[in-house]
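The values are calculated or read from the model by the stated rules, or taken from the named source; none is laboratory data. None of the values given here were measured: they were computed from a predicted structure. Positions of Cβ are generated from backbone atoms using ideal geometry, with glycine treated the same way; all protein chains shown enter the neighbour counts. For accessibility, only protein heavy atoms count, side chains too; no ligands or nucleic acids. Shrake-Rupley method; radii C 1.70, N 1.55, O 1.52, S 1.80 Å.
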Amino acid sequence: MAEKKEDIKDLSLDELKSRIRSLNEPPYRAEQVFEWIYKKGARSFGSMTDLPAKLRDYFTNKFFITGPEIIKKQVSRSDGTRKYLFKLNDGETVEGVLIPAKDRQTICLSSQAGCAFGCYFCASGLLGFKRDLRCGEILDQALAIQDDIGEAKAPAGSKGPAGSKRITNVVMMGTGEPLTNYDNVIKAIGIMNSPQGLGIGARKITVSTAGYIPGMKRYMQEKGQFELSVSLHAADDIKRSRLMPINKKYPLSELIAVCREYTKEKGRIITFEYILIKDVNSSPTDAQNLAKLLKGLNCKVNLIPFNAVPDFKFAPPSNKDVENFQEILEKAGISSTIRSQRGADIDAACGQLRLREAEEEKC
Ligand code: SAH
């Protein structure tokens, strides 16, 4: 029986180098392969013309490059946000999003198929947890989006076809809890960061967590200057446990203590994500509690008016309430931004596209 092929994108540059060394080939061949895949958009080893034929054959027999199929793509008419639904080899689906802006192209990637955390406002958990994504499957989402926006296939050094763009920022804020799929996520962001990979600056790559403390402690020890975002969504344990079951296991006192330790250890700021939900967590008292909780912490708060999802009863507060909330934080010296709604016409809330697809399949 033919040996099962491996995904070449599951290997870090060092791992590929050691494979290549074991073939008595010089390790710089690994850099060539990386550049072909991540910079020049090669999708077959046969096209890697500066590799010896022997090595091309070896790779073709042992590995595959091609990624998942895009089974759905939605483009927002209002702001150009693009949402993709990918079908993986085993039939599982995951979402990736491109959020274009004048000076940057941000992509939002999934780390797992489904999610085990079951936050009550999030569509990702509604179908339960399926499995972790491999490193290569995380990278596939980035490569497919890069292909879709342009420059990857242009010769190195050229500007690429008119209108083509390169990914500048990555947020691990799609489906799943990245810090419970730790090794695959860290390897994937390492490859996105590496100059031979996608060459995206570490400070432009953000991992978002629901507050999984063991993962945060590990992440703190990473050498790279990757960013951390924590989904907070409430400033007291009763409310937070109601919105996010993980809070029962890792309550706010422990979570905030680890955040304080993180900012000291790394000398880096933390971004707190705070979804504002009408009549749930967006009152002036909630804002005051939040300001108290975060006092003295080197952080920024990203206020996100709730993105309506048909399966949930929650709604966003009025603009006035959002502004009041921000004002209270500002007066207390906590810096915050209000995230503008993107892609409202294309099921932009986390996990919504995947959910819609599953519902359609059931019909
Ligand atoms: N598990 C990680 C990574 C997922 S991030 C985490 O919780 O951080 C997904 C982000 O989108 C989180 O901040 C989540 O709280 C937010 N989100 C989910 N559903 C949303 C909705 N309906 N409206 C606005 N934001 C939502």
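So between Lys87 and Ala332, what do we pick up on full extension, going 0.36 nm a residue minus the alpha carbon distance?
Working: separation 245, 0.36 × 245 = 88.20 nm, distance 4.62 nm.
Difference between extended and current length: 83.6 nm.
If you count the DSSP beta bridges with both ends in region 69-362, what percent of them are antiparallel, to the nearest 5?
On the way: 19 of 44 bridges.
Rounded to the nearest five, the antiparallel share is 45 percent.
Within the set Lys248/Lys313; Lys9/Lys223; Lys17/Lys130, which residue pairs have Cα atoms separated by over 26 Å? Walk me through the numbers before you get to the answer.
Values: Lys248/Lys313 23 Å; Lys9/Lys223 22 Å; Lys17/Lys130 32 Å.
Violating the 26 Å limit, Cα to Cα: Lys17/Lys130.
Counting other Cβ atoms within 10 Å, keep those with at most 12, restrict to DSSP loop, and tell me which chymotrypsin sites (Phe, Trp or Tyr not before Pro) in region 185-276 are left.
Values: sites: Tyr212, Tyr219, Phe226, Tyr262, Phe272, Tyr274; in loops: Tyr212, Phe226.
Here no loop site has a sparse enough neighbourhood.
Leaving ligands, DNA and RNA out of it, report the carbon-plus-sulfur percent of the accessible area of region 69-362 at a 1.4 Å probe. Please list the in-between numbers first.
Values: 6450 of 12910 Å².
C and S atoms contribute 50 percent here.
I want to verify a result. In a Gaussian network model of the chain, Cα cutoff 10 Å, which of these has the top mean-square fluctuation: Asp140, Asp132, Asp103?
Checking each option, the largest mean-square fluctuation is seen for Asp103.
Distance in nm between label sites at Thr60 and Arg104, each 7 Å beyond Cα in the beta-carbon direction?
Modelled inter-label distance: 4.2 nm.
Assigning unit charges at the beta carbon (Lys, Arg +1; Asp, Glu -1) and nothing else, what dipole magnitude in debye, to the nearest 20, does region 175-305 show about its Cα centre?
Details: 19 positive and 12 negative charges, 45 e Å.
Result for region 175-305 is approximately 220 debye, rounded to the nearest 20.
Once fully extended, how much extra length lies between Met220 and Lys292, figured as 0.36 nm per residue of separation less the alpha-carbon to alpha-carbon distance?
Numbers: separation 72, 0.36 × 72 = 25.92 nm, distance 2.41 nm.
Extra length available between Met220 and Lys292 comes to 23.5 nm.
If each Cα of region 1-107 is one equal point scatterer, what is log10 of I(q)/I(0) from the Debye formula at q = 0.11, 0.20 Å⁻¹?
-0.48, -1.06
What accessible area per residue comes out for region 6-64, rounded to a whole number of Å², with a 1.4 Å probe? Mind showing how you got there, number by number?
Numbers: 2750 Å² over 59 residues.
Per residue, region 6-64 has 47 Å² of solvent-accessible surface.
Between Asn24 and Ser283, what is the label-point separation in nm under the 7 Å Cα-to-beta-carbon projection?
Distance between label points: 7.6 nm.
Send over a whole-number figure in Å² for the accessible area per residue of region 69-362, probe 1.4 Å. Display every interim value, and only then the final one.
Working: 12910 Å² over 294 residues.
I get 44 Å² per residue for this part.
Using label points projected 7 Å from each Cα along Cα→Cβ, tell me how many nm separate Asp183 and Ser164, to one decimal.
The modelled label-to-label distance comes out at 3.6 nm.
Could you state the principal axis extents of the C-alpha atoms in the chain, from the largest down, to the nearest angstrom?
Over the chain, Cα extents along the principal axes are 68, 49, 44 Å.
Given the -39500 (n - 2.57) contribution per DSSP H run of 4+ residues, what per-residue ellipticity at 222 nm results for the chain, rounded to the nearest 500 deg cm²/dmol? Show your work: numbers first, answer last.
Details: 12 runs with 121 residues, N = 363.
Per the formula, -10000 deg cm²/dmol.
Could you give the size of the charge dipole of the chain about its Cα centre, using +1 on the Cβ of each K and R and -1 on the Cβ of each D and E, expressed in debye and rounded to the nearest 20? Numbers along the way, then the final one.
Details: 55 positive and 46 negative charges, 128 e Å.
Using only the charged Cβ atoms, the result is roughly 620 debye.
Given H placed 1.01 Å from N in the peptide plane, which residues other than close sequence neighbours of Arg131 have an amide H under 5 Å from its amide H?
Counting only residues 5 or more places away or on other chains, the set is Ala113.
How much of the accessible area of region 6-64, in percent, comes from carbon and sulfur atoms when a 1.4 Å probe is used? Working shown, then result.
On the way: 1390 of 2750 Å².
Summing carbon and sulfur atoms, their accessible area is 51 percent of the total for region 6-64.
Taking the 0 to 90 degree range and rounding to the nearest ten, how far is the long axis of helix 284-293 tilted relative to the main principal axis of the chain, both from C-alpha atoms?
For 284-293 against the chain, the angle is about 60 degrees.
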